[in-house]
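What follows is one structure encoded as structure tokens, with my remarks underneath.
The values are calculated or read from the model by the stated rules, or taken from the named source; none is laboratory data. A quick note: this is a predicted structure, and the numbers were derived from the prediction, not measured. Note that each Cβ is placed from the backbone with ideal geometry, even for glycine, and that neighbours are counted across all protein chains shown. SASA here: full protein model, heavy atoms, side chains in, ligands and nucleic acids out. Shrake-Rupley method; radii C 1.70, N 1.55, O 1.52, S 1.80 Å.
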Amino acid sequence: MRAMRGVWRWRRNPLRRRTDRIEAWLALAAALLIVFGAPAAGWLIGRAAHGALLEAVRMQYQQRHLVWATVDRLVSRAPLDPDPETSSQRDAHLRVIARWTALDGSAHTGQLAAPRPVESGERFRIWTDDRGRVMPRPMDVSTAGTHAVLAGLGSAAAVGGLIEGGRRLVVGQLMARRFRRWDAEWERAGQDWGRADAGS
């Protein structure tokens with residue numbers, strides 16, 4: 001609104017300078033770009049990110065499989081900790097040596113993090129690839145949507161910031177030019193400007 005008022009105010013003002021008009025039009029253009037361009041850019045980037053993330057979700061579910069792991073033994077406990085609620089002590093209860101069979105039929109044994117406290121012989125499910133290597137859980141669709149929304153919002157904010165930063169840079173250049181012109185005009189006015197005997 002200030003930008004539009006500035007354009008209107010400088011329309012017929014006899015004191016307006018060319019830089020004043022440029023600054024007012026620049027502010028109006030930047031405001032319109034921030035209001036309409038930044039959300040559009042955020043929407044386009046968010047949409048593209050959502051498509052890419054959904055494809056990643058599809059690929060992860062194709063390449064990762066749930067298999068049963070059987071606990072052979074618990075990993076030896078960490079050194080005694082006076083606080084049983086610390087993360088190192090809690091994690092020690094969840095580290096196990098387990099065995100599992102991959103989708104291709106190969107047998108594997110390794111150290112795993114159990115999802116809950118377990119004992120020898122208990123089973124729990126893990127995600128593996130086709131060769132039986134342990135993998136993180138695949139991303140789900142709702143997480144992909146959340147990441148896409150965040151990407152869109154971040155992009156819109158970044159575009160808005162770039163537009164405002166560009167506007168401020170140009171306004172700074174206009175102000176510097178304005179000051180240089182004032183300095184030149186003061187120089188032309190001479191050192192005795194304003195004195196009673198200077199004839200001005």
For segment 135-169, give me the residue count where each residue is out of contact with any strand residue (DSSP E or B) (no Cβ under 8 Å at 6 or more places or on another chain) and open to solvent by less than 60 Å² (accessible area, probe 1.4 Å).
20
Go through segment 151-200 and give me each residue that's at pLDDT below 80 and in contact with a helix residue (DSSP H, G or I) (Cβ under 9 Å, 6 or more places away or on another chain).
W193, S200
